[in-house]
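The values are calculated or read from the model by the stated rules, or taken from the named source; none is laboratory data. This one's a predicted model, so the numbers in the text were calculated from it and none came from an experiment. Virtual Cβ from ideal backbone geometry, glycine too; neighbours counted across all protein chains shown.
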Amino acid sequence: MKSIRIEKTGVRHELALTQEHHTMEGREIVRETTLEKYREDPHSGNEAHEHVEEHHTSLYEKPEFDGHHWGLAIDLNRCIGCSACAIACQSENNVAVIGKDEVRRRRIMHWIRIDRYYSESPEDPRVYHQPVMCQHCDNAPCENVCPVSATNHSNEGINQMSYNRCIGTKYCINNCPYRVRRFNWFAYVNNREFDFHQNSKLGKMVLNPDVVVRERGVVEKCSFCVQRIQEKKLQAKVEERTLQDGEIKTACEQACPADALVFGDLNDPGSRVSEMFKDERNYHLIEELHTLPSVGYLTKVRNIKA
C-alpha cells in the first residue's frame, strides 16, 4: 500500500454559505432536553414557553378564524438537515435559481432555509438543524409597515403577498424578525441581464403553471403552498364534502424523508398539526415578540444522559 502525503497547494476557493452566524446569542431558538429529563418532565427544555405565554400583553385583539386556520408543525427530533424541503419549495413555487456567485453576494432567493447551530465545545460540538420559513404570524410585523398593503392576512391565517401592489420598499423585510422575506431582483453583469425567470420556450417547461412568476423588484416568501390549498378546497367543494386531515400537503412536507413537517388545520382539534401544537414540547420561534406564529417547533430530545 502506497503512503499518502497531503500538501498545501496554495489555491483558495470561495464557499457560498447561506448562514454565516451560528450562535443563538442567548435566545432559545433551538430548544433541547435529554430523554432522561423528558421522561421525568415532558415540559423539560421548554419551560420558557409557558412563562412567555402567560405574560403576553398586546395592543391588538387576538385574531379569530371561523373557518380554517392553517399551520405547520416541525419536529426537530426528526429533521436531518437534508434540504429536501428547500429544493421542493424552489421547484414548486418557481423560485429563481441564482447560483453560488450570487449567494456569496448575499442575494439569497429561496423561501425556506435550514439553519444550523452548535453547542457544547468546539472540539465536540452538538449540531442542530432547524427549517425556517415564513411563520405566518397572526400579529405579523411585516403587515403594519407596508405603505401599499401589499402584505396582508387572510381569513385562514395565511400571510399573503399581493405582488402587483408591492413597490419594493423592503420595509417588510426590515421588520421581519425571522428574515424569511426575499427581494426579487435582476442582476446586471457586463451589461447582460440574467434571465432567472427562464422566460424562453424551453425554460417555461420547468415552471409550475399554478404559481405566478414574480417580476423584478417585488418581495416574495413562503405562501404555505396556497395553490395546493386552493386546489384541494375546490376539489372538496365539487365533491360536496369536507376537507380531510392530511389531504393538503405543502411541497416541503411532501418531500421530507423523515416526516419532520406536518401541515394542517389548527381549527380541527383532531388534526395531526393540532395534536403537535398541544404537545408539551411545542414552542414558537422568538415567541417573546408575541407575533403569534402559525409555525410551531417541537423541542429536540437527545438520547444521552445529562
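Kindly list the number of the only condition in (1) in contact with a helix residue (DSSP H, G or I) (Cβ under 8 Å, 6 or more places away or on another chain); (2) among the acidic types (Asp, Glu); (3) over 28 Å from residue 60 (Cα atoms) that fails for residue 288.
Going through (1) in contact with a helix residue (DSSP H, G or I) (Cβ under 8 Å, 6 or more places away or on another chain); (2) among the acidic types (Asp, Glu); (3) over 28 Å from residue 60 (Cα atoms) one by one, residue 288 breaks only (3).
Looking at segment 181-188, can you tell me whether even one residue there is modelled with pLDDT under 95, of a type in the set (A, V, I, L, M), surrounded by fewer than 17 Cβ atoms within 10 Å (Cβ to Cβ) and closer than 28 Å to residue 294 by Cβ?
So far as segment 181-188 goes, no, none of its residues is modelled with pLDDT under 95, of a type in the set (A, V, I, L, M), surrounded by fewer than 17 Cβ atoms within 10 Å (Cβ to Cβ) and closer than 28 Å to residue 294 by Cβ.
Of the residues 74, 80, 114, only one is of a type in the set (A, V, I, L, M), part of a loop (DSSP other than H, G, I, E, B) and either in contact (Cβ under 8 Å) with a residue 24 or more places away in the chain or closer than 19 Å to residue 217 by Cα (or both); which?
Values: 74 fails: part of a loop (DSSP other than H, G, I, E, B); 114 fails: part of a loop (DSSP other than H, G, I, E, B).
Only one candidate qualifies: 80.
Would you confirm, using the coordinates I've provided, whether residue 258 is in contact (Cβ under 8 Å) with a residue 40 or more places away in the chain, out of contact with any strand residue (DSSP E or B) (no Cβ under 8 Å at 6 or more places or on another chain), more than 30 Å from residue 175 (Cα to Cα) and of a type outside the set (Val, Ile, Thr)?
Values: in contact (Cβ under 8 Å) with a residue 40 or more places away in the chain: yes; out of contact with any strand residue (DSSP E or B) (no Cβ under 8 Å at 6 or more places or on another chain): yes; more than 30 Å from residue 175 (Cα to Cα): yes; of a type outside the set (Val, Ile, Thr): yes.
Yes, satisfied.
To keep it simple, each residue is scored yes or no on (1) surrounded by 13 or more Cβ atoms within 10 Å (Cβ to Cβ); (2) modelled with pLDDT under 95.
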| site | (1), (2) |
| --- | --- |
| 192 | no, yes |
| 202 | no, yes |
| 209 | no, yes |
| 243 | yes, yes |
| 260 | yes, no |
| 263 | yes, no |
| 287 | yes, yes |
| 290 | yes, yes |
| 295 | yes, no |
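Do we have residue 150 as surrounded by 17 or more Cβ atoms within 10 Å (Cβ to Cβ), touching a residue at least 40 places away in the same chain (Cβ under 8 Å) and either basic (Lys, Arg) or within 17 Å of residue 217 (Cα to Cα) (or both) here? Before you say what the answer is, go through the steps one by one.
Working: surrounded by 17 or more Cβ atoms within 10 Å (Cβ to Cβ): yes; touching a residue at least 40 places away in the same chain (Cβ under 8 Å): yes; either basic (Lys, Arg) or within 17 Å of residue 217 (Cα to Cα) (or both): yes.
Judged against the criteria, residue 150 is a match.
Would a scan of segment 156-174 turn up a residue that is of a type in the set (Asp, Glu), at negative phi and free of Cβ contacts under 8 Å to residues at least 24 places away in the same chain?
Step one: of segment 156-174, the residues of a type in the set (Asp, Glu) are 156.
Checking which are at negative phi leaves us with 156.
Then drop every residue that is not free of Cβ contacts under 8 Å to residues at least 24 places away in the same chain, which leaves none.
No, every residue in segment 156-174 fails to be of a type in the set (Asp, Glu), at negative phi and free of Cβ contacts under 8 Å to residues at least 24 places away in the same chain.
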